[in-house]
2 protein chains.
Amino acid sequence: MKRTSRDIRTANRYGVLREIIAESPTSRQELAAATGLSLATVATLVGELLDLGMLTEVGFEDSAGGRPRGLVAVNASGGALIGVDIAETYVRVELFDLALNVLARADEDMRPGESLPVQVVGHVATAVGSVVAQAGIEGARVLGVGVSVPGQVDREGGVSEYAPNWDWHDVPLLDLLSEHIAYPLYLDNPLRACAVAELWFGAARGRGDAVVVNLGTGVGAGLALGGGLHRGVSNSAGEWGHTTLVLDGRLCHCGNHGCVETYVGAPGIMLNLREMSPRSTLLHPEDQTSTINALARGVAAHDPVAIKVVRDTARYLGAGIADLVNLLNPEVVVLSSWVAATLGEPLLEEVREAVARHALKRPFAATEIVLSPIPTDPVCLGAATFALEGALSAVTQKSNRRTIPARSRTAPPA
Amino acid sequence: MKRTSRDIRTANRYGVLREIIAESPTSRQELAAATGLSLATVATLVGELLDLGMLTEVGFEDSAGGRPRGLVAVNASGGALIGVDIAETYVRVELFDLALNVLARADEDMRPGESLPVQVVGHVATAVGSVVAQAGIEGARVLGVGVSVPGQVDREGGVSEYAPNWDWHDVPLLDLLSEHIAYPLYLDNPLRACAVAELWFGAARGRGDAVVVNLGTGVGAGLALGGGLHRGVSNSAGEWGHTTLVLDGRLCHCGNHGCVETYVGAPGIMLNLREMSPRSTLLHPEDQTSTINALARGVAAHDPVAIKVVRDTARYLGAGIADLVNLLNPEVVVLSSWVAATLGEPLLEEVREAVARHALKRPFAATEIVLSPIPTDPVCLGAATFALEGALSAVTQKSNRRTIPARSRTAPPA
């Protein structure tokens, strides 16, 4: 009921730009075929995006005997977008052109204990300044900065409501950042950043329903249902890491027992290894990255302990993903984030087998399970995408005011 | 991307009729306020429904100083709808007027082992004939028959793909029924029937995202997201009963271990009782209904075993519902179906406490947990609602052809 024709219009605008970014140059006819929209609708949307400088006309193609078709492409230099990935131990910032190519990157390490909002904000400000300087971009061309911070966020208010790793409560992060950064700011969390990155540029593009399983230090599932993010009533949907896999199982930092995260997050995988082989040389205490890297190398070298740990982890993961398949019946499940990227194909194969054992046959048969095809940091890319969506909505409202008579702005009779 | 302006139009038409059924008589102004649609849109939709004989004008109300407002109400006698609840041990059929009041009911018991499709179809045909005769309705006024059958269904094809209790595989149920029943037939399953009943007439009406937890012999969760049913890519979403609650726990008939259903479905509750007190007089072996009734009476009489069984069941249920709250962040969770109705408030209170212990604080604070407020069989009501939705779509396409110039039927530029 609450979805209006304005929502549809925005979703269609995203959809058309999404297709053009994926397939540039392209024609209005191809776009209509790819999106299922009418040629007239596509022509209107393309016209708006051309007016806004986000697209350019790039010539014509022959169409077997018909009129030559005009081709459009993303105007990569029409603006820049910045994505900020605030993680537990680092801040990574990437600057993108409008085709979402990375033009510049800056990393800031955070020392253990360096977790005050003012410290984190300082690192972000430094890194954002660095990428703008590296890329030689004028400030006016940066359309927006998307910021991803772990935990629960109030995106409208720009507040980090709860970040468990730092024990942050209701930190007004965007207000703090706006003292250092003059561009429009958009806040969300890594779960949804990864999901929106898959939706625009990855394995969820053009799919009806997708679940993006995020495997890092924390664990979650971004839900892309019906072509858009499912956020829930208070923007906290996707906390799959805190669903129960083993009743009365391992204690989780959320206070519950047996959460999925305690078995398949990086610290959980370390515990799986420690329980199996307490003195394993694969184990780098207090160093998640080195341990996961060592496991990946161990599997490649046929180390039986490494193989067993990945298999056990996949067994937990498979039971948890089977739950998502049974409950949501998605078209695709994407394994994303650094643990999935590091363990790669061997993990994927074990996960597929484990899901097959646990899931109901029919929804399992309808679901594809894949690794994220996104080659760069999906959190930075997703954060930049939130900035792109924000810029597109803001700009569009202006464009509507300019080009569409006021009378047509009311919803058409439905 | 795939959601078109036709989908929006259909959703808006459902939404307006939903409001009128809930609040008759009502004015177009009140409908606009309740649905968030513009007055012009509401006026168009109400006009269509009046043309179709589904509504009637019932006079005017004063509006403090302004023009008197026209009132509309459901035309209860504008047509009849039939809902069929095929369960493991019985077939129940109810006939409704257009305000969804029950006009007639027929129950057919099925003997153990009586599970061939032809036997079930015979019972349904008999009961449908009975309600039509009881209500003295002419055939032409029955707008449709909604049929709910447990398990996985192909609703477009009218096929029961898999019904675990009878080991049905790909039974062409609607084809078989159409040999006996001349009205339009619509197939779905009890999970979605209960969810759509809550969406139109119950606790999910007007809510953004709702989860309807179905507690019967089988267990599932109908998902009403964004004001409509979430069906998934192959119409099997909601199989929450087959998500893992206890890794390597009780064996489930689906072949997996530790499924939610094995702890909180009626047979699971009987097992909870048997494990606690093997010789309890509350236990009626092979009789789920009598056992659940005995537990409800036991709790009312302060029987410590009954109280403990309900508490243990609520603990499992609470962990499972907390998973739904964390993953989906719904506005409301509704406990539906006969086990929930029988155990009632005492179960609800224990479940609320258990969910509070297991769920993350913020999504829990955003979620209300309630018993279904629907006083009649929610499966029959939901099945009849599918018939209403079907009639509304079919009828509307005709109405569009008649009243709207062909040119405006293409999607507006978005």
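Any read-out appearing in this document is the output of simple, stated calculations on the displayed coordinates, not a laboratory observation. None of the values given here were measured: they were computed from a predicted structure. Don't worry about glycine lacking a Cβ; one is built from the backbone with ideal geometry, like all the others, and counts go over all protein chains shown.
Quick notes on this structure:
- Helix axis angle, B:39-51 relative to chain B longest principal axis, alpha carbon, degrees: 90
- Taking every DSSP beta bridge that has both ends in chain B, the antiparallel portion is near 65%.
- When the Gaussian network model of chain B links Cα atoms closer than 10 Å, the mean-square fluctuations of B:G202, B:G36, B:G65 top out at B:G65.
- Chain A: calculated mean residue ellipticity at 222 nm from DSSP helix runs of at least 4, using -39500 (n - 2.57): -14000 deg cm²/dmol
- Proxy reagent accessibility, fewest Cβ within 10 Å first, across A:E286, A:E389, A:E353: A:E286, A:E353, A:E389
- 7 Å along Cα→Cβ, label-point gaps from A:H253 to other copies, nm, shortest first: 4.3
- Among B:A266, B:I292, A:I321 the positive-end extreme of the charge dipole of the protein assembly as shown (Cβ point charges): A:I321
- Cross-link partners for B:K308 among the aspartates and glutamates, with Cα-Cα distance under 12 Å and sequence neighbours closer than 8 places in the same chain left out: B:E275, B:E350.
- Evaluated over the Cα positions of region A:5-74, the convex hull gives a direction-averaged projected area, one quarter of its surface, of 4.5 nm².
- Once the C-beta distance of B:A22 and A:S393 is scaled by a Förster radius of 41 Å, the resulting FRET efficiency is 0.75 to the nearest 0.05.
- Per-q log10 I(q)/I(0), chain B, q = 0.06, 0.08, 0.10 Å⁻¹ (Debye; single scatterer per alpha-carbon; no solvent): -0.26, -0.46, -0.72
- Added length on full extension, which subtracts the Cα-Cα distance from 0.36 nm per residue, A:R297 to A:A133: 55.3 nm
- Helix A:378-403 and the longest principal axis of the C-alpha atoms of chain A enclose an angle of approximately 20°.
- The protein assembly as shown - Debye-derived log10 I(q)/I(0), Cα point model, q = 0.09, 0.10 Å⁻¹: -0.95, -1.16
- Cβ-based exposure ranking for B:T244, B:T126, in which fewest neighbours within 10 Å come first: B:T126, B:T244
- Dipole magnitude of chain A, debye to nearest 20 (Cβ charges: Lys/Arg +1, Asp/Glu -1, about Cα centre): 1340
- Placing a label point 7 Å from the Cα of B:E23 along the Cα-to-Cβ direction, the distances to the matching points in the other copies come to 4.6 nm, shortest first.
- Given +1 at the Cβ of Lys and Arg, -1 at the Cβ of Asp and Glu and no other charges, the dipole of region A:203-371 around its Cα centre is 200 debye to the nearest 20.
- Full extension of the chain segment joining B:E349 with B:E156 gains 65.5 nm, where the gain is 0.36 nm per residue of separation less the Cα-Cα distance.
- Charge-dipole axis of the protein assembly as shown as Lys and Arg at +1 and Asp and Glu at -1 on Cβ define it, positive-most pick from B:A34, B:T376, B:V171: B:A34
- Using a simple spin-label model with pseudo-atoms 7 Å out from Cα toward Cβ, A:H169 and B:L50 lie 5.6 nm apart.
- Angle in degrees between helix A:266-276 and the longest Cα principal axis of chain A, rounded to the nearest 10: 20
- Diffusion coefficient of region A:96-180 by Stokes-Einstein, Kirkwood radius over Cα pairs, 20 °C, 1.002 mPa s: 152 µm²/s.
- Simple spin-label estimate for B:L116 and A:E61 in nanometres, 7 Å along Cα-Cβ: 5.9
- Note: relative contact order over region B:5-74, using C-alpha pairs below 8 Å and six or more positions apart, is 34 percent.
- The protein assembly as shown: antiparallel DSSP beta bridges as a percent of all, rounded to 5: 65
- On the basis of the beta-carbon distance and an R0 of 35 Å, A:A33 and A:E368 show a calculated FRET efficiency of 0.95.
- Fewest-first sequence of A:W200, A:W338 by Cβ atoms within 10 Å of each Cβ: A:W338, A:W200
- Since only B:I86, A:S160, A:G208 are under comparison, the one whose Cα sits farthest along the positive direction of the charge dipole of the protein assembly as shown, derived from C-beta charges on Lys, Arg, Asp and Glu, is A:G208.
- Dipole magnitude for region B:172-303: about 320 debye, using +1 per Lys or Arg Cβ and -1 per Asp or Glu Cβ, origin at the Cα centre.
- Ascending list, in nanometres, of distances separating the B:I307 label from those of the other copies (7 Å, Cα toward Cβ): 5.6
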